[in-house]
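Participant: Following this message is one structure expressed as structure tokens.
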Amino acid sequence: MNPKTASPTQITPFPSSDRIAELAAGYRAVREATEALCAPLSPEDATAQSMPDASPAKWHLAHTTWFFETLVLEQAIEGYRHFNDDFRVLFNSYYNTIGRQHYRPERGLITRPGLEEIKNFRAHVDGQMHALLGAGGELSEDLCSVIEVGLHHEQQHQELLLTDVKHLLSRNPLRPAYHGRVPAGEPTAAPVEWVAFEEGVRWIGHEGSRFAYDNEGPRHRQFLEAYELASRPVTNGEFLEFMTDGGYETATLWLSDGWATVRAQGWRTPLYWEEQNGEWFAFTLAGLQPIRQEDPVTHVSFYEADAYARWAGARLPTEAEWETAAAELDAHGNFVESGLLHPTAPWQAPQAMAQLFGDVWEWTQSPYTQYAGYRPPPGPLGEYNSKFMSSQMVLRGGSCATPQSHIRATYRNFFPPAARWQFSGLRVARDVQ
């Protein structure tokens, strides 16, 4: 059974005690990790919203708790009493099957409830969840599957919390740092090599019993022409060459929508870059820092990634090409657990294919659509992925803000093509002539 297709209303056998124990340990670890990420924030930091696409840290804390209260506790406990009935609307993100939602661009106006009350909300739901998981035999496999989705859902929000906080702090003229950990030394990016992949039919998508979202399947065959993939992501130094060569001023490099966005937004650099006295700096979660030429470029949109690839005489890979390259690799890399929260060049000689996982999400040229044979799951979880299969582009591989246990080769992230506040970068591909 695909965990994401589970419906709380289905009747299925009870899971094993090992399954319950694993979920209980995972629940505790994920919830504690979220709170640790929020520890450096003041109540004011946690309340503000810097743009419509971002959410306050306080809202992330509340919404992930709302998920477990609404989709798990309401289903599992007869006559369950909500911590606060108003929260059912206030912290609903986009689940129309559940009910109304607060207007997303105004989440930063929710000054009440305050941060302490949100923490009390989390503590209340955590107590109920620990008791439920401790009961063990009273849980169906379907409900366990929803809990598992909730854990991965909260890991997604851990990354969103960091990227939203970074954008928020960047808008503060004092340029405050979220933390003080700065990458040390001067790593050297290896020269780009082209790794060849032969033409043929490839199997794409998730298989097996381990967790995956519904949009990662069904597993299916896809024919790929022969192609080559760059051995590492594009670096800051390489992207600076694109800028210096007039990349942002050359209309022929850009898709029509991309060029219109560049002109309307006045883009001339990746997000967070600025020049001071002839030197380039970027705002990071450690504050304003000199740009390190060898680190992977980040905070670029799909439009910028595509324009760079054209300028370099290459193209972006398809998501099937990317997955084929990553399928046999372990998901090791610079993830949130490193504590750096910043992409960095590898410290040792890379493998033939370096940094496919971690550091930066890599844009592909693939639109986010359903795989052949895909059917959204019934109930509220059917809104989790399927309703966004329009006007989005696929990214792969995870970033320096992604939990390592959350990522895998088949994972499909997606954002609108103009989005830049995530840790998004690129790796180029080319056809074999």
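Participant: Using a Gaussian network for the chain with springs between C-alpha atoms less than 10 Å apart, which of these wobbles most: A184, A309, A352?
Facilitator: Top of the fluctuation ranking is A184.
Participant: So how strong a dipole does the chain carry about its Cα centre when Lys and Arg Cβ are +1 and Asp and Glu Cβ are -1, to the nearest 20 debye?
Facilitator: 720
Participant: Restricting to DSSP loop positions (anything but H, G, I, E, B) with no more than 11 other Cβ atoms inside 10 Å of their own Cβ, which trypsin sites (Lys or Arg not before Pro) remain in region 197-252?
Facilitator: Answer in residue order: R210.
Participant: Considering the dipole of region 3-170 built from charges on the beta carbon (Lys and Arg +1, Asp and Glu -1) around the Cα centre, which of I20, M51, V72 is farthest to its positive end?
Facilitator: Towards the positive end, the residue furthest out is M51.
Participant: If you place +1 on the Cβ of every Lys and Arg and -1 on the Cβ of every Asp and Glu, how big does the dipole about the Cα centre of region 66-220 come out, in debye to the nearest 20?
Facilitator: With Lys and Arg at +1 and Asp and Glu at -1, about 800 debye.
Participant: Considering only A212, F357, S399, whose Cα is most displaced toward the positive end of the charge dipole of region 194-431, charges sitting on Cβ of Lys, Arg (+1) and Asp, Glu (-1)?
Facilitator: The residue sitting farthest along the positive end of the dipole is A212.
Participant: Can I ask one more? Within 10 Å of each residue's Cβ, count the other Cβ atoms and sort R427, R315 from fewest upward.
Facilitator: Placing the least packed residue first, the sequence is R315, R427.
Participant: Could you tell me which chymotrypsin sites (Phe, Trp or Tyr not before Pro) in region 300-348 are loop residues by DSSP with no more than 16 other beta carbons within 10 angstrom of their beta carbon?
Facilitator: For chymotrypsin sites (Phe, Trp or Tyr not before Pro) across region 300-348 that sit outside H, G, I, E and B with at most 16 neighbouring Cβ atoms in 10 Å, the list reads W347.
Participant: Name the residue farthest towards the positive end of the dipole of region 129-224 from the options W203, V182, L161, assuming +1 on Cβ of Lys and Arg, -1 on Cβ of Asp and Glu, about the Cα centre.
Facilitator: It is V182, whose Cα lies furthest towards the positive end.
Participant: If you place +1 on the Cβ of every Lys and Arg and -1 on the Cβ of every Asp and Glu, how big does the dipole about the Cα centre of region 194-431 come out, in debye to the nearest 20?
Facilitator: Dipole size: approximately 620 debye.
Participant: OK, next. Below 8 Å, C-alpha to C-alpha, sequence gap of six or more: please give me the relative contact order for the chain in percent.
Facilitator: Relative contact order of the chain: 20 percent.
Participant: First select every other residue whose beta carbon is under 15 angstrom from the beta carbon of F357; then total the charges, Lys and Arg +1, Asp and Glu -1. Present the calculation step by step, with values, prior to reporting the outcome.
Facilitator: On the way: positive: R232, R396, R408, R412, R427; negative: E159, E319, E323, E328, D330, E337, D359, E362.
Every neighbour counted, the sum reads -3.
Participant: Same structure again: Please rank F67, F223, F283, fewest neighbouring Cβ atoms within 10 Å first, as an exposure proxy.
Facilitator: By the 10 Å Cβ count, ascending, the order reads F223, F283, F67.
Participant: Sum -39500 (n - 2.57) across every DSSP H segment of at least 4 residues in the chain, then divide by the residue count to get the 222 nm mean residue ellipticity, nearest 500.
Facilitator: Values: 10 runs with 131 residues, N = 433.
Using -39500 (n - 2.57) per qualifying helix, the result is -9500 deg cm²/dmol.
Participant: For the chain, evaluate the Debye formula with one uniform point scatterer on each Cα (no solvent term) and list log10 I(q)/I(0) at q = 0.07, 0.10 Å⁻¹, rounded to two decimals.
Facilitator: -0.35, -0.72
Participant: When a footprinting reagent is the concern and you count Cβ atoms within 10 Å, what order do T364, T111 take, fewest first?
Facilitator: Ranked by crowding around the Cβ, least crowded first: T111, T364.
Participant: Sticking with this structure for a sec: Mind checking Rg over Rh on region 3-170, alpha carbons, Kirkwood formula for Rh? Don't skip to the answer; put the middle values down first.
Facilitator: On the way: Rg = 15.9 Å, Rh = 16.4 Å.
Result: Rg/Rh = 0.97.
Participant: Using a Förster distance of 25 Å, how high is the FRET efficiency between R210 and L329, based on the Cβ-Cβ distance and rounded to 0.05?
Facilitator: On the way: r = 16 Å, r/R0 = 0.64.
After rounding to 0.05, the efficiency reads 0.95.
Participant: With the convex hull built on the Cα atoms of region 194-431, state its orientation-averaged projected area in nm².
Facilitator: 13.7
Participant: Taking just the alpha carbons, could you work out the radius of gyration and Dmax for region 225-273, both in angstroms?
Facilitator: In order Rg, Dmax, the Cα atoms of region 225-273 give 13.1, 38 Å.
Participant: For Cα pairs less than 8 Å apart in space and 6+ apart in sequence, what is the mean separation divided by the residue count of region 3-170, i.e. the relative contact order in percent?
Facilitator: Once divided by the residue count of region 3-170, the mean separation gives 45 percent.
Participant: Highest GNM mean-square fluctuation, the chain, Cα pairs closer than 10 Å: which of P417, P15, P317?
Facilitator: P15
Participant: Let me ask you something else. Across the chain, where is the longest run that never hits GluC sites (Glu not before Pro) in a DSSP loop with at most 15 other C-beta atoms within 10 Å?
Facilitator: That would be 329-433.
Just so you know, all these numbers are worked out from the coordinates, no wet-lab data involved. The structure displayed is predicted, hence computed values, not measured ones. Every residue, glycine among them, receives a Cβ derived from its backbone with ideal geometry; neighbour counts consider all protein chains shown.
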